[in-house]
Amino acid sequence: MLGFVLVIIAGAASGYFSYEAWGVGWSIVCTIVAMIVCWSVIGLTLRRFVGARQMKIQSLMQEAQAKVNRQLEIFNRRPPSSMKVARETLEKIQFDAIRKSLVELDGYKKYYIWNAMLAKQVNAMKIQLYYQLREYAKVDELLPKALLFDPQSIGIKMARMYKNDDPKLDKFYRLKCWRFKGESGAFLACVYAWIKVRQNSEDVQLALEALKNAAKSSDNQALIENIDHLSNGKVKHFSNSGFGDNWYALALEEPKMKKQRQQQGRMF
């Protein structure tokens, strides 16, 4: 917001003084040039500070992943007393890193005054982190304030709409998911179809329609198999397990088989 104001001021000042000196034509040129230069300087400066904090967050997550890998090696040499103990140990490492990352993300607040969209972008990152912590109240609070631009964030939005029995789910899918093609489109269509199948047996046709539309731009195996299952009335065989971590990160289903090597989970 402040950045936009400064750009306007710089353009107006440049336009005024150039008009006094050289007339209307040069006034217009100088106004445009001044606004572009001012906006570029603000953007580059902001990017520098934002990038430095992003690097720190990435470093935190990489360190946590390294700790997880070392802990898995220890478990391979000395198996834990139970899978529950192993899972809790690995989750603690991950959750500690996530909470530190959330603290770092709060550091972006001082830059919000310069870029109105930055807050929405940061909230989108926070949503994924809080979702991993299973703090769904925080997720629901931030969703209206976030810029959802990637398939995983939109998948989280649909998952929360499903859990909250939000009647606007169908409209949201039609408005937000149509632009995604390929693997992203296949993933979102399968998430939506999974929800529709479980909401009401009469919604199977809506689910099938979404899957067939996604298949126009994707030959994803899980997508094709789900189309076949629904087309032949095999609703119970519908499965999104083929999307792996992307699917299980939405916490709508648990993996049928949990292997020790899979306890790492998603870091982002």
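The charge dipole of the stretch 145-208, taken about its Cα centre with unit charges on the Cβ of Lys, Arg, Asp and Glu (plus for the first two, minus for the last two), comes to roughly 260 debye.
Multiplying the residue separation of Gln54 and Asn232 by 0.36 nm and subtracting their alpha-carbon distance yields 59.3 nm. Once the Kirkwood radius over Cα pairs is known for the stretch 108-264, the Stokes-Einstein relation at 4 °C and 1.567 mPa s delivers a diffusion coefficient of 79 µm²/s. Dipole size of the stretch 67-189 about its Cα centre, with +1 on Lys/Arg Cβ and -1 on Asp/Glu Cβ: approximately 100 debye, rounded to the nearest 20. If you take the Cα centroid of the stretch 180-225 and the Cα centroid of the stretch 120-176, the two points sit 19 Å apart. Counting only Cβ charges, +1 for Lys and Arg and -1 for Asp and Glu, the dipole size of the stretch 100-157 around its Cα centre is about 100 debye.
Annotation: the stretch 181-260 has a Kirkwood hydrodynamic radius of 12.6 angstrom, from the mean reciprocal C-alpha pair distance.
Throughout, read-outs are computed from the coordinates displayed, never taken from laboratory work. Predicted model only: the values in this text are computed from it and were never measured. When we count neighbours, we look across all protein chains shown, and the Cβ atoms used for this are built from the backbone with ideal geometry, even at glycine.
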